Each structure stands twice: as C-alpha cells, then as structure tokens.
Amino acid sequence: MRILVVGADTVTGRHLIKYILESGHQARVILHNSVQAAYFQTLGVESFHVSEKPKMKELVNATKDVEAICLIGSFLRTEKEPYIRIDEMIRYLELFNYVGVKRFVHMSTFESRKFLWNTQPAIFRSTIIENYYIDRWLKTSNVDFTILHPGTLIDQQGTGFVTISEHEINNRHIPREDVAKAMLMCLENDATIGKEFKITSGKTTIAEALTFYNK
C-alpha cells in the first residue's frame with residue numbers, strides 16, 4: 001500500500017513512517033521545509049516539497065497513486081490565522097478525494113466537540129477547532145475514514161497496550177509511538193472504517209483492543 005503521511009515531520013509522524021516501512025508498505029511525505037527531505041531520503045521515502053500556498057499541480061503530484069492518507073498534522077504554516085488554515089486544509093482534503101484517495105486515518109485531538117471548545121485550554125483551542133472541522137469533513141464526505149482521539153501524548157517508548165472507547169474515558173497519557181502503531185493498524189483493518197474513538201494507554205494490546213472494539 002502506498003501511504004501519504006501529512007505531518008511526517010512530527011515525532012508521531014516519524015514513528016508512523018518507521019512502522020509503515022517495517023510492514024512492507026510504501027511511504028510518501030509532504031514537506032514545507034525541503035531541508036527535511038534528506039532525512040526521509042535516507043529511509044527511501046519519497047518526499048514532496050510544496051510551496052507556502054501549494055498549487056493544485058503540486059498536490060496532485062504528491063497524491064499520484066496514493067491509496068491512503070494519514071493525517072497527523074497540517075502541512076500549512078502555523079502562523080496563518082486559524083480560519084484561513086481551516087479553509088485551506090479542507091480544500092486540500094477535497095482535492096485529495098477528487099484525485100481518487102478514499103481512505104483516510106486522522107489523528108485528531110482528544111476532545112474536539114464544538115460544545116466543549118470553551119472548556120479547553122486557550123493555547124490548544126485553535127488546534128482543537130481545526131481538528132473539529134477536519135473530523136466533520138471526513139464524516140460528511142464519501143471517504144473511508146477512521147478518526148483517533150489520543151490522550152495526552154508523551155515521548156516515552158510505546159508499551160503496545162491501550163484502552164479504546166467510543167464513549168467517555170479519562171484523558172490519560174499515551175506514548176506517541178503507540179498512537180502511530182494504532183494508526184497503521186487501523187489502516188490495515190477495514191473494520192475500523194467509519195469508526196471514531198478515543199485511545200489512551202491501557203492494559204489491552206492494540207490488536208486486541210481494535211478487534212474487541214470492532215465486534
């Protein structure tokens with residue numbers, strides 16, 4: 001499977017790239033900073049450098065022959081006004097869908113529901129709002145989506161054990177490595193299509209948690 005990773009330059013993204021390659025899939029990344037291309041080149045990962053305002057041709061080239069997209073973050077500049085980033089990101093998602101990509105796995109925020117925006121820390125609010133609109137687009141478009149809402153991300157070695165629930169659970173921590181592994185396993189498991197759930201560290205292996213959740 002050829003997988004395009006948006007947000008590959010993040011810690012979670014680099015873990016995901018590692019798992020994609022170890023599983024025998026092909027990875028491709030979109031970058032704003034061409035300096036990072038050298039790192040991915042050493043891994044044998046194809047990278048596409050897009051301009052500050054990506055042109056349609058740039059994004060079409062990046063998604064050629066792509067079968068799935070993993071969304072970990074935006075490839076848009078963070079200094080842009082939130083409403084501009086949201087508008088542009090949705091337009092690019094629509095373009096990805098238009099050129100034929102149907103499978104999306106999105107790492108959202110732990111909480112993105114609109115009625116809770118004002119209860120979230122102000123420093124994270126613009127990211128939460130952006131994820132709300134990406135989640136909404138995925139759920140209202142004709143794409144095969146899976147949305148993960150991870151708990152507080154930590155930079156510790158993954159344990160491989162999680163708790164997964166579509167209902168309310170406490171926001172516990174979870175290693176970024178475990179989130180990356182779960183994203184790939186969702187991509188490989190068609191039973192997760194159309195599913196949205198929260199994921200934190202727990203006592204069940206990722207494979208077992210996904211199997212139980214999808215019964």
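Looking only at the range 178-215, which residues are under 16 Å from Glu111 (Cα atoms) and in a helix (DSSP H, G or I)?
Once the filter is applied, which keeps residues that are under 16 Å from Glu111 (Cα atoms) and in a helix (DSSP H, G or I), the range 178-215 yields only Val179.
Right, Thr127: hydroxyl-bearing (Ser, Thr, Tyr), more than 25 Å from Leu187 (Cβ to Cβ) and open to solvent by 30 Å² or more (accessible area, probe 1.4 Å) or not?
The answer is no for Thr127.
Examine the range 129-145 for a residue that is among the charged types (D, E, K, R) and under 26 Å from Lys203 (Cβ atoms), and state whether such a residue exists.
No, the range 129-145 contains no residue that is among the charged types (D, E, K, R) and under 26 Å from Lys203 (Cβ atoms).
From the set of residues in the range 157-177 that are assigned to a loop (DSSP other than H, G, I, E, B), in contact (Cβ under 8 Å) with a residue 24 or more places away in the chain and among the polar types (S, T, N, Q), which is surrounded by the most Cβ atoms within 10 Å (Cβ to Cβ)?
Thr159
Restricting to the range 114-156, count the residues that are over 22 Å from Thr192 (Cα atoms), of a type in the set (Asp, Glu) and in a helix (DSSP H, G or I).
Total meeting the criteria: 1.
Go through (1) of a type in the set (D, E, K, R); (2) loosely packed, with under 13 Cβ neighbours inside 10 Å; (3) closer than 25 Å to Arg85 by Cα one by one and return the number of the condition Glu58 breaks.
(2)
Is there a residue being among the aromatic types (Phe, Trp, Tyr), touching a helix residue (DSSP H, G or I) at 6+ places or on another chain (Cβ under 7 Å) and more than 23 Å from Ile147 (Cα to Cα) anywhere in the range 8-31?
No; the residues of the range 8-31 include none that is among the aromatic types (Phe, Trp, Tyr), touching a helix residue (DSSP H, G or I) at 6+ places or on another chain (Cβ under 7 Å) and more than 23 Å from Ile147 (Cα to Cα).
Can you tell me how many residues in the range 31-55 are of a type in the set (A, V, I, L, M), open to solvent by 70 Å² or more (accessible area, probe 1.4 Å) and modelled with pLDDT of 90 or more?
The qualifying residues number 1.
Determine which single condition Arg28 fails, assuming it passes every other condition in (1) modelled with pLDDT under 95; (2) within 19 Å of the chain's Cα centre (by Cα); (3) assigned to a helix (DSSP H, G or I).
Status for Arg28: all satisfied but (3).
Condition check ((1) farther than 23 Å from Thr12 by Cβ; (2) modelled with pLDDT under 85; (3) open to solvent by 20 Å² or more (accessible area, probe 1.4 Å); (4) among the charged types (D, E, K, R)) across all residues:
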residue	(1), (2), (3), (4)
Ala62	no, yes, no, no
Asp65	yes, no, yes, yes
Leu71	no, no, no, no
Lys80	no, yes, yes, yes
Arg91	yes, no, yes, yes
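Does at least one position in the range 178-196 carry a residue that is closer than 29 Å to Val101 by Cα, charged (D, E, K, R) and crowded, with 23+ Cβ neighbours inside 10 Å?
For the range 178-196, residues closer than 29 Å to Val101 by Cα, charged (D, E, K, R) and crowded, with 23+ Cβ neighbours inside 10 Å: present.
Would a scan of the range 132-143 turn up a residue that is of a type outside the set (Lys, Arg), free of Cβ contacts under 8 Å to residues at least 60 places away in the same chain and more than 22 Å from Asp190 (Cα to Cα)?
Scanning the range 132-143 turns up at least one residue that is of a type outside the set (Lys, Arg), free of Cβ contacts under 8 Å to residues at least 60 places away in the same chain and more than 22 Å from Asp190 (Cα to Cα).
I'd like the full set of residues that are small (Gly, Ala, Ser) and assigned to a strand (DSSP E or B), limited to the range 31-52.
Ser47 - this is the single residue of the range 31-52 that is small (Gly, Ala, Ser) and assigned to a strand (DSSP E or B).
The values are calculated or read from the model by the stated rules, or taken from the named source; none is laboratory data. Only a predicted model underlies this, so the values are computations on that prediction, with no experimental measurement involved. No Cβ is skipped: glycine too gets one built from the backbone with ideal geometry, and neighbour counts run over all protein chains shown. All accessible areas refer to the heavy atoms of the entire protein, side chains included, with ligands and DNA or RNA removed. Shrake-Rupley method; radii C 1.70, N 1.55, O 1.52, S 1.80 Å.
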